[in-house]
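See structure below.
What follows is calculated from the coordinates using simple rules that are stated; it is not laboratory data. These figures come from a predicted structure and were not determined experimentally. All Cβ positions, even for glycine, are placed from backbone atoms using ideal geometry, and neighbour counts span all protein chains on display.
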Amino acid sequence: MLDYYKGMDISFLQEYLEKGMKTYDLDGTLIDPLKLAKKHGVNAMRLRIWHTPENVPESGGYCSLERTIVMAKKIKQEGFDFLLDFHYSDWWADPGQQRKPKAWENLHGTELEEAVYTYTIKVLCALKEAGAMPDMVQIGNEIRSGLLFLMENYQIMYQWCV
């Protein structure tokens, strides 16, 4: 166990690199972004995962299971600890929005619980098989209203909790 984590979220790194981003060290030398982070003391990386980002055109399909595996393998190969953040959404989940993935839109109660469980196990097993098991897992992302609530429930929950 580390004494402390000095981490960064690199969920968009793959997209930036594919769009031509280059990373330079302080002396102007071209350097791999993960190597630069390690050089400057970073020891943990966070990736978010979206259920089916292809359902939301603005996502560009990033943060899918397939793309997460690619990045997680790089994180582990470079020796970083790895935090995986399940958004349980097809795109952003935050205080202003927590939408169920399209695949779960009509699921409630036990059916929804089973879908979340099955998906979580699927993701973790795929990462384990790829040699990129997370060291830490974050369930949800800035979801004060509760996991998988729709926006109309947000105001009700918020008022009840305050």
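What the table shows:
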| read-out | value |
| --- | --- |
| Ranked TRP92, TRP50, criterion: other C-beta atoms within 10 Å, fewest first | TRP92, TRP50 |
| Coarse-grained scattering of the stretch 74-149 at q = 0.23 Å⁻¹, given as base-10 log I(q)/I(0) from a Debye sum over alpha-carbon atoms | -1.08 |
| Between 0 and 90°, nearest 10: helix 151-161 axis offset from the chain longest Cα axis | 80 degrees |
| Among MET136, MET21, MET71, residue whose mean-square fluctuation peaks in a GNM of the chain (springs only between Cα atoms under 10 Å) | MET21 |
| Estimated FRET transfer efficiency (ILE121, TYR5; beta-carbon r; R0 25 Å; 0.05) | 0.45 |
| Ascending count of other beta-carbon atoms within 10 Å, so fewest first, for TYR4, TYR117, TYR16 | TYR4, TYR117, TYR16 |
| Cα Rg over Rh - the chain, Kirkwood | 1.01 |
| Likely footprinting exposure, VAL116, VAL70, fewest C-beta neighbours within 10 Å first | VAL70, VAL116 |
| The chain: angle of helix 109-129 to the longest principal axis, Cα-based, in degrees nearest 10 | 20 degrees |
| Tilt relative to the chain, helix 65-77 - C-alpha long axis, 0 to 90 degrees, to 10 | 40 degrees |
| DSSP-assigned coil residues among trypsin sites (Lys or Arg not before Pro) in the stretch 1-79, each with at most 12 further Cβ atoms within 10 Å | LYS6, LYS19, LYS22 |
| Among ILE49, ILE31, ILE75: highest mean-square fluctuation, GNM of the chain, C-alpha pairs under 10 Å | ILE31 |
| Selected from LEU147, LEU84, LEU47 as most flexible by GNM, with the chain as the system and alpha-carbon contacts under 10 Å | LEU147 |
| Around HIS40: net Lys/Arg minus Asp/Glu count, Cβ-Cβ under 11 Å | +3 |
| For the stretch 6-94, diffusion coefficient by Stokes-Einstein and Kirkwood Rh (Cα), 4 °C, 1.567 mPa s, µm²/s | 94 µm²/s |
